[in-house]
1. Give the shape of region 84-167 as rounded, prolate or oblate, defined through the alpha-carbon gyration tensor: a ≥ b ≥ c are the square roots of its eigenvalues, a/c under 1.5 means rounded, and otherwise the shape is prolate if a/b is larger than b/c and oblate if not.
2. Could you state the angle between the C-alpha long axis of helix 187-200 and the longest principal axis of the C-alpha atoms of the chain, as a value from 0 to 90 degrees rounded to the nearest 10?
3. Could you list 333, 230, 139 in order of exposure, starting from the residue whose Cβ has the fewest other Cβ atoms within 10 Å?
4. Can you give the relative contact order of region 3-344 as a percent, counting alpha carbon pairs under 8 Å and 6+ residues apart?
5. Counting only the backbone N, which residues of region 147-177 are under 16 Å from the spot 7 Å out from the Cα of residue 105 toward its beta-carbon?
6. For region 204-296, take the convex hull of the Cα atoms, compute a quarter of its surface area, and give me that in nm², please.
7. Under 14 Å from a label point 7 Å along Cα→Cβ of residue 37: give me every residue in region 310-344 with its amide N that close.
8. Could you work out how far helix 64-75 tilts from the main Cα principal axis of the chain, as a 0 to 90 degree angle to the nearest 10?
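FYI, it's all coordinate maths here, none of it is from the lab. All values reported here derive from a predicted model rather than from experimental measurement. Please note: Cβ atoms are built from the backbone with ideal geometry, for glycine as well, and neighbour counts cover all protein chains shown.
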């Protein structure tokens, strides 16, 4: 396993991070515990969850992912310090697919909701602190979850970033949170968090969890420079584009139990031009004798702005293959071929 530094901290995290959003929907508690055991044995240290998980979000299952992690932690107290445990607070319901069952539609990043969210996560996780606490999406209308254009919406009210950061700072002081981060954030938002931290003497965000893959390289355009200049590293989610880049949906295949097969919600990567681009990357991987999944993950692993590549799996075979991508190194020639395909069809699935 390789390790990279989390922001400007002294914390090292594994280049492969364990994503968990299927636990409680597609994966059982036993599955989750087996995945944690195997991942840790392979040197994975970062486990990423969210109060909203599993996905798709439903009132009946909300919080199950954290509960499964919590029951594992209860059985392995001595291993808590070996894990960098991350979770996220759900934001307000500003888009149709945002969940409305978590503290209602008025769920915003104020003291009341932040405190309730964190305390709930800590209870489910059966721990008294999280290493990284993240805001799952912004407390404002912006380009998130595949929205192609800036919405230009004047929200009735958004909690000022300075106010949110002050509450998060209190969590750090209290020892409930070690570090803070953002998710599904924009360059403007990251700049505001950094400016507020400098102006008010509050903790800096250390990471941003955004989508990044062969078919979605939008992070490079405005956010990667924050990694270079300010150390705000990327925790890359959906590196396999909901499984499309593994090649398992090629030719219209719909494997039984697969996410795209089971849930209509996941259409972000299934537009015709995205499918066509995906097929080109799958073909390139096979041309070089690599599994499409490891090829796609190895590309993400190679990026200097990636702190950790958040893989997810519904089977142990998938988990082993995904973690094994850390040993796959793409040559300069292969990377040039990837860039050529990217220029042909840039970011078909933002």
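1. Values: a/c = 1.93, a/b = 1.72, b/c = 1.12.
Prolate, because a/c is 1.5 or more and a/b exceeds b/c.
2. 30 degrees
3. Values: 333 9, 230 16, 139 23.
With the fewest neighbours first, 333, 230, 139 line up as 333, 230, 139.
4. Working: 587 pairs, mean separation 58.1, N = 342.
RCO, region 3-344: 17 percent.
5. 154-158
6. Details: hull surface 29.0 nm².
Its average projected convex-hull area is 7.3 nm².
7. 316, by backbone N distance to the label point.
8. 80 degrees
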